[in-house]
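Okay, structure first, notes after.
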Amino acid sequence: MGKLLIVGSIAFDEIETPFGKTGKILGGAATFIGLAASQFRIESGIVSVVGEDLPKEYLDLLAERDIDISGVDIVKGGKTFYWKGRYHNDLNSRDTLITELNTLGEFNPIVPNHFKDADVVMLGNLHPNIQLSVMDQMDKRPKLTILDTMNFWMNNTWDELMKVIERIDVITINDEEARQLTEEYSLVKAAAKIQEMGPKYVVIKKGEHGALLFHKEHIFFAPALPLEEVFDPTGAGDTFAGGLAGYLTEARNVSFESLKNGIIQGSNLASFCVEKFGTERMLNLEKSEVNHRLIQFKDLVQFNIELT
Ligand code: AMP
């Protein structure tokens, strides 16, 4: 079975959308990535840090889905990372109201020995030095390293981020971040510039407008499924990345064709994530539902046109 190592936050999230608000609930990039990846026949493990205040049930929810949590450091007397966000009416944009790093501020990731030979490494959105440390601890170069990052790290830790980007195979970022990274407005030009920086594959996420995959002269588009109801977009990007990483770990094959399927799997899983607050939908997701929606994806983009 393919092995996937995930590094990222496990968090208390507090969310406000036009449809309601939550108290402190389970969140974090590694949580969403892990739950999405658990839909595939793989071995997965999370490297993260939490405080003693995180209810044991939260970590149990991950362990019950066969996600290895031996790399999750529980800091005695420490507090778990806390993030609060409020979505605007269109749900496309949000304001971060509170970010308390707590134990994540001094996070020194330790990769468990049995994950040092992982086939795929998914570097969730974190300080680039944490991502570099995880890469340095691997026994050998993984078959595939996927990076998720954001504008905050471009603004504050440019040099460190460049060191990460040089060493990875796939980057997932949103359209504005791709423009910021390259100073190119055209996403085609931006993707070409990013490939010159290191990654062979560039995935540009466009929220409810889907995602683009770039590799050399090839381009592929995965739509987002038009949904009747979007409730809470939190974690959609991480779920997308987790679906991509989980699929590629199971497929054991890295090519433009397998990445095409990977971003469809990611879009498909993200379409479930947004249907309920936080992790609720991902915690109650059956394989049959996932497969059924994959067929809807196929129908959405398949057409037969006769060239005359
Ligand atoms: P997404 O909606 O996919 O962008 O990811 C939302 C998740 O990212 C939430 O569950 C947050 O806990 C987590 N998050 C937000 N800010 C940070 C940060 N600075 N570092 C790590 N994780 C974060």
Q) Given a cut-off of under 8 Å on Cα pairs at least six residues apart, what relative contact order in percent is computed for segment 151-308? A) 17
Q) How large is ³J(HN,Hα) for each residue in segment 4-14, as worked out from phi by the Karplus curve 6.51 cos²θ - 1.76 cosθ + 1.60 (θ = phi - 60°), to whole Hz, x for Gly and Pro? A) 10, 9, 10, 10, x, 7, 10, 9, 8, 10, 10
Q | Principal axis box of the chain, alpha-carbon based, largest edge first, Å | A | 71, 43, 39
Q.
With θ taken as phi - 60° and the coefficients 6.51, -1.76 and 1.60, list the Karplus ³J(HN,Hα) couplings across segment 66-81 in order, rounded to whole Hz; mark glycine and proline as x.
A. 6, 8, 6, 10, 5, x, 9, 7, 9, 7, 4, x, x, 10, 6, 3
(Q) Going through the cross-link list K163/K200; K3/K206; K163/K189, which pairs have a Cα-Cα distance over 26 Å in this structure? (A) K3/K206
Q. Just going by the charge dipole of the chain, with Lys and Arg at +1 and Asp and Glu at -1 on Cβ, which of L269, P55, A192 is farthest out on the positive end?
A. A192
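Going through segment 191-276, which GluC sites (Glu not before Pro) have at most 10 other Cβ atoms within 10 Å and a DSSP loop state? Don't jump to the answer; show the numbers that get you there.
Working: sites: E196, E208, E217, E228, E229, E250, E257, E275; in loops: E217, E228, E229, E275.
Sparse-neighbourhood loop GluC sites (Glu not before Pro): E217, E228, E229.
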Q: Kindly provide the helix-only [θ] at 222 nm of the chain, computed as the sum of -39,500 (n - 2.57) over DSSP H runs of four or more divided by all residues, to the nearest 500 deg cm²/dmol?
A: -11000 deg cm²/dmol
Q. To one decimal place, what Kirkwood hydrodynamic radius in Å is obtained for segment 1-131 from all pairs of distinct Cα atoms?
A. 15.3
Q. Which of the GluC sites (Glu not before Pro) found in segment 1-92 are in a DSSP loop and have at most 12 neighbouring Cβ atoms, other than their own, within 10 Å?
A. E64
Q: Taking the Cβ of each residue in V49, V301 as the centre, tally the other Cβ atoms inside 10 Å and list the residues starting with the fewest.
A: V301, V49
Q. Alpha carbon centre of segment 253-308 versus segment 6-66: separation in Å?
A. 21
Q: For each of S267, S255, S44, count neighbouring Cβ atoms within 10 Å of the residue's Cβ, then give the residues from fewest to most.
A: S255, S267, S44
(Q) Can you compute the radius of gyration and Dmax for segment 125-203, using only the Cα atoms, both in Å? (A) 12.0, 39
Q: Excluding K205 itself, calculate the net charge of residues whose Cβ lies under 14 Å from the Cβ of K205, where each Lys or Arg counts +1 and each Asp or Glu counts -1.
A: -4
Q: Report, by chain and number, residues whose modeled amide H sits under 5 Å from the one on G71, excluding near sequence neighbours (fewer than 5 apart, same chain).
A: I46
Q. For S9, which sequence-distant residues (separation of 5 or more, or a different chain) have an amide H within less than 5 Å of its own amide H, given hydrogens modelled in the peptide plane?
A. A29, A30
Q: Give me D for segment 157-253 in µm² s⁻¹, whole number, from Stokes-Einstein with Rh from the Kirkwood sum over alpha-carbon pairs, 20 °C and 1.002 mPa s.
A: 149
Q | Note, ³J(HN,Hα) from phi for segment 15-26, Karplus 6.51, -1.76, 1.60, rounded to Hz, x at Gly and Pro | A | 10, 10, 10, x, 9, x, 9, 10, x, 6, 10, 5
Q | the chain: relative contact order in percent, alpha carbon pairs under 8 Å with at least 6 residues between | A | 17
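None of the figures in this text is laboratory data; all of them are computed from the coordinates on show. The model shown is predicted, which means the values in this text are computed figures rather than measured ones. Here the Cβ is made from the backbone with ideal geometry for all residues, glycine too, and neighbour counts use every protein chain on show.
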